[in-house]
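Scroll down for the structure; my scribbles are underneath it.
The values are calculated or read from the model by the stated rules, or taken from the named source; none is laboratory data. Since the model is a prediction, treat every value here as computed from it, not as a measurement. Note that each Cβ is placed from the backbone with ideal geometry, even for glycine, and that neighbours are counted across all protein chains shown.
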């Protein structure tokens, strides 16, 4: 009986300590249609029962920053509380004509392009608020391009800890090794957000990155 009361008391104390901490701002960045929202949805669904946003095969489905507070992730006996921030896909050029092939009306395509462009600006502005960032890339595409280099470069300039995710490993063309070769200075984890493949390795890497971030903060 005494042991049960002790555990209950300790649990409450530990819970209060967690509540007193500032939530870790975790940003999801990457090019359009890489699977940022799909990954954010899987995490939020698994630990809160709710998704963060809608997904679509049409590029730039996410055109404004969306977030979910107090996402408490439990992994291997450890718990971290995150503010999940899902950002619009970053692109160097957004042309409304690219949306016309998805049977959009011209006016709708132009509006989507305008909103997507504003979303890119908003994504970059939010960078300075991030504690750590998960860069989500499509593992079936060539990772070494201007957009990806720009994203990684901006994060490096701000000294924000980064984990690179090679998403869509369920596709035949997927090759995580190309991402590792393109960005050898970063940890890379291959997953399928859609099917939930390799998520344990993702959480392992995420908790490891968060631990490094906290260690650096203490040294300062």
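The numbered conditions (1) more than 17 Å from residue 196 (Cβ to Cβ); (2) out of contact with any strand residue (DSSP E or B) (no Cβ under 6 Å at 6 or more places or on another chain) are all true for residue 30 except (2).
Identify the residue in the stretch 128-140 that is part of a loop (DSSP other than H, G, I, E, B) and either within 17 Å of the chain's Cα centre (by Cα) or in contact (Cβ under 8 Å) with a residue 60 or more places away in the chain (or both) and, among all such residues, is nearest to residue 172 (Cα to Cα). Here the residue is 139. Of the numbered criteria (1) in contact with a strand residue (DSSP E or B) (Cβ under 7 Å, 6 or more places away or on another chain); (2) part of a loop (DSSP other than H, G, I, E, B), the one residue 104 fails is (1).
Of all residues assigned to the stretch 58-66, at least one qualifies as being surrounded by fewer than 19 Cβ atoms within 10 Å (Cβ to Cβ), under 25 Å from residue 128 (Cα atoms) and in contact (Cβ under 8 Å) with a residue 60 or more places away in the chain. Restricting 156, 181, 174, 193 to those that are free of Cβ contacts under 8 Å to residues at least 40 places away in the same chain and under 18 Å from the mean Cα position of the chain (by Cα) reduces the list to 156.
As a summary of the residue check, residue 177 satisfies the conditions (1) more than 16 Å from residue 34 (Cβ to Cβ); (2) buried (at least 16 other Cβ atoms within 10 Å of the Cβ) except for the one numbered (2). Against the test of being at pLDDT below 95 and closer than 23 Å to residue 74 by Cβ, the options 210, 150 yield a single qualifying residue, 210. Among the residues of the stretch 72-97, those identified as without any contact (Cβ under 8 Å) to a residue 60 or more places away in the chain, closer than 15 Å to residue 43 by Cβ and under 13 Å from the mean Cα position of the chain (by Cα) are 82, 84, 86.
Grab the strands (runs of 3 or more DSSP E) fully contained in the stretch 1-89, keeping just those with 1 or more residues being within 28 Å of residue 175 (Cβ to Cβ) and at pLDDT 95 or above.
Per the criteria, 24-29, 78-86.
If residue 164 satisfies all but one of (1) modelled with pLDDT of 95 or more; (2) more than 22 Å from residue 81 (Cβ to Cβ); (3) more than 13 Å from the chain's Cα centre (by Cα); (4) surrounded by 13 or more Cβ atoms within 10 Å (Cβ to Cβ), what's the number of the condition it fails? Single failed check for residue 164: (3). Residue 124 falls short on exactly one of the conditions (1) buried (at least 20 other Cβ atoms within 10 Å of the Cβ); (2) at pLDDT below 95, and that condition is (1).
Tell me, yes or no, whether the stretch 43-51 has at least one residue that is out of contact with any strand residue (DSSP E or B) (no Cβ under 6 Å at 6 or more places or on another chain), touching a residue at least 24 places away in the same chain (Cβ under 8 Å), buried (at least 16 other Cβ atoms within 10 Å of the Cβ) and under 30 Å from residue 114 (Cα atoms). The answer is yes; a qualifying residue exists.
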